[in-house]
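K.L.:
Submitted below is the structure of interest, expressed as structure tokens.
The values are calculated or read from the model by the stated rules, or taken from the named source; none is laboratory data. This structure is a prediction, so every number in the text was calculated from the model and none was measured. Virtual Cβ from ideal backbone geometry, glycine too; neighbours counted across all protein chains shown. Heavy atoms of the whole protein, side chains included, go into the accessibility calculation; ligands, DNA and RNA do not. Shrake-Rupley method; radii C 1.70, N 1.55, O 1.52, S 1.80 Å.
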Amino acid sequence: MPALMQIKHQNLDDVETIKFQIIQRVAYFALAIHVALIFIFYHLGASMLALANIFSVFAWASGINLINKGRHSLALKVFSIEVLLHSILVCATLGLELGFQFYLWTISCLLLVDYQLKLKHAFIYSLMLIFTFAALYLFFSDVVYSYAYKDFLLYINMLNIVIAGLPMVYAIGLIREISISQRIALTDMAAKDHLTKLYNRRFAKKLILAAQQKSVFTNTNLCLVMADIDFFKHFNDTYGHDKGDAILVRVANVINQHIAEQDIAVRWGGEEFLIVLTNTNEQNAFTRIERMRDNIAALNCAEQGGNLNITMSFGLIQWQSNASLEEMLQQADAALYKSKENGRNQTTIATTETDYTAELKSI
Ligand SMILES: Nc1nc2c(ncn2[C@@H]2O[C@H](COP(=O)(O)OP(=O)(O)OP(=O)(O)O)[C@@H](O)[C@H]2O)c(=O)[nH]1
């Protein structure tokens, strides 16, 4: 999987690691280029630059080593200083026509992705690199290239611009992916219950109201189902709270397996769940919930605690036109209560005597 794509599927903690894996790959590439430059500069007759490149190779190698040791921020500083000195030296010796000064732009972007550096400091260093870029034109624009391969200057310049530009595009793409993945993670944290990964009550209300509006608009049915694990207190008391938690997760997984993508499953309270089945009438919902109930009762909970069976009771209502969410929840709750009263491990369909349309008309 490409590294940028990989970020979407990682935890926030892993994002920094992936970022530096990418930087390390770029550093290996830079190291190889600097090794080649030793020979290229030597061949051109610029022996002082060839000698300086040996130090550059050491700088890139030690930066890579620092990344391996987890000293990411220091590695970036080593890379930045190397590029800064290298650009100044090459421009002072060979002039600006080769385009080595463009690497200062690349490194100024790289400093900004170092989160260990305070933003203020990162800005200052980056600006200093940009000012250095401008100053090179001030001081070295009259340096004339007097070495071999003069005819190739334009192409080398173009090559340097491309090589310097690619990491900048890559770095901005990386920052974009990181901020998107963080936004997704934060939205998820705000919307979901951390144990079961189902929607939490607060966030779900917005979703349910939107689903209800859609059902009115599309003239389709919507059902609300209240569900509650039977004798869960007894399970907790017998096997402990941690094993109770594991049961909640397994029950939530079964619920998820039995709902469609557009349906909504919510951890409503402790061991109480709310399921919203869209585009489904009362009879269909009943059949689907009964299948879910059977599968919960068939869960093998031996791992979580002895041979105690987990069962669940359900209360179901089809959303009545003009009824409010609170009214429907009350009815679903009343139906759930009946399931409990009648012996648990069953589904009760609410019998609504209230005519919500008439109620609305009389207001
Ligand atoms: N393990 C665990 N238990 C929880 C959690 N939230 C609520 N509970 C427990 O769920 C139990 C609910 O007990 P009750 O409301 O008495 O209901 P019950 O024992 O399931 O009995 P009925 O609903 O009448 O069948 C309590 O013991 C709570 O401590 C949770 O997040 N984890």
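K.L.:
Take the residue pairs K192/K243; K197/K243; K118/K192 and return only those whose Cα atoms are more than 26 Å apart.
P.N.:
Beyond 26 Å between Cα atoms: K118/K192.
K.L.:
Now for a different question. Ordered by packing density, taken as the mean number of other Cβ atoms within 10 Å over each peptide's residues, highest first, how do 321-331, 276-286 rank?
P.N.:
276-286, 321-331
K.L.:
At a 1.4 Å probe, what is the % contribution of carbon and sulfur to the accessible area of the range 3-189?
P.N.:
Answer for the range 3-189 is 71 percent, counting heavy atoms of protein chains only.
K.L.:
Another question about this same structure. For the chain, calculate the relative contact order in percent as a whole number, restricting contacts to Cα pairs under 8 Å that are 6 or more residues apart.
P.N.:
12 percent
K.L.:
Let me ask something else. Name the residue farthest towards the positive end of the dipole of the range 199-362 from the options G244, Q320, A210, assuming +1 on Cβ of Lys and Arg, -1 on Cβ of Asp and Glu, about the Cα centre.
P.N.:
The listed residue farthest towards the positive side: A210.
K.L.:
Restricting to DSSP H runs of at least four residues, report the calculated mean residue ellipticity at 222 nm for the chain, -39500 (n - 2.57) per run over all residues, nearest 500 deg cm²/dmol.
P.N.:
The helix-only estimate for the chain comes to -22500 deg cm²/dmol at 222 nm.
K.L.:
I would also like to ask the following. So for the range 3-189, taking the charge dipole from beta-carbon charges (+1 Lys/Arg, -1 Asp/Glu), which of I161, G173, T187 sits furthest toward the positive end?
P.N.:
Among I161, G173, T187, the one farthest towards the positive end of the dipole of the range 3-189 is T187.
K.L.:
Please work out, to two decimal places, the log10 of the ratio I(q)/I(0) at q = 0.10, 0.11, 0.12, 0.14 Å⁻¹ from a Debye calculation in which every Cα of the range 199-362 carries one identical scatterer.
P.N.:
-0.36, -0.44, -0.52, -0.69
K.L.:
Computed FRET efficiency, Cβ-Cβ of Y149 and R25, R0 25 Å: what is it to the nearest 0.05?
P.N.:
Plugging the Cβ-Cβ distance into 1/(1 + (r/R0)^6) gives 0.25.
K.L.:
At what distance in nm do the modelled label points of I33 and T311 sit from each other, each positioned 7 Å from its Cα along Cα→Cβ?
P.N.:
Placing both labels 7 Å along Cα→Cβ, they lie 7.1 nm apart.
K.L.:
Any chance you could give the angle, 0 to 90 degrees and rounded to 10, that helix 119-140 forms with the longest Cα principal axis of the chain?
P.N.:
Helix 119-140 sits roughly 30 degrees off the main axis of the chain.
K.L.:
Ok, one more. Name the shape class, rounded, prolate or oblate, that the alpha-carbon gyration tensor gives for the range 3-189, where a ≥ b ≥ c are the square roots of its eigenvalues, rounded holds for a/c under 1.5, and otherwise prolate holds if a/b is larger than b/c and oblate otherwise.
P.N.:
In terms of gyration-tensor shape, prolate.
K.L.:
Indicate the gyration tensor shape class of the range 146-294 (rounded, prolate or oblate), computed on the Cα atoms with a ≥ b ≥ c the square roots of the eigenvalues: a/c under 1.5 is rounded; otherwise a/b larger than b/c is prolate and the rest oblate.
P.N.:
prolate
K.L.:
Over the Cα atoms of the chain, how large are the radius of gyration and the largest Cα-Cα distance (Dmax), in Å?
P.N.:
Cα radius of gyration and Dmax of the chain are 32.6, 98 Å respectively.
K.L.:
For R183 and A210, what is the calculated FRET efficiency with R₀ set at 22 Å and r taken between the beta-carbons, to the nearest 0.05?
P.N.:
With R0 = 22 Å, the Cβ-Cβ based efficiency is 0.65.
K.L.:
How much length, in nm to one decimal, is gained on full extension between S47 and H194, taken as 0.36 nm per residue of separation minus their Cα-Cα distance?
P.N.:
46.7 nm
K.L.:
Relative contact order of the range 3-189, please, whole-number percent, based on alpha carbon pairs below 8 angstrom and at least 6 residues apart.
P.N.:
24 percent
K.L.:
About its Cα centre, what dipole magnitude does the chain give when the only charges are +1 on Lys and Arg Cβ and -1 on Asp and Glu Cβ, stated in debye to the nearest 20?
P.N.:
The dipole magnitude comes to about 760 debye.
K.L.:
Moving on. If the only charges are +1 at each Lys and Arg Cβ and -1 at each Asp and Glu Cβ, what is the size of the charge dipole of the range 199-362 around the Cα centre, to the nearest 20 debye?
P.N.:
So the dipole magnitude of the range 199-362 works out to roughly 320 debye.
K.L.:
Right, another one. Test of understanding: what is the full-extension gain from R201 to I163, defined as 0.36 nm times their sequence separation minus their Cα-Cα distance?
P.N.:
8.5 nm
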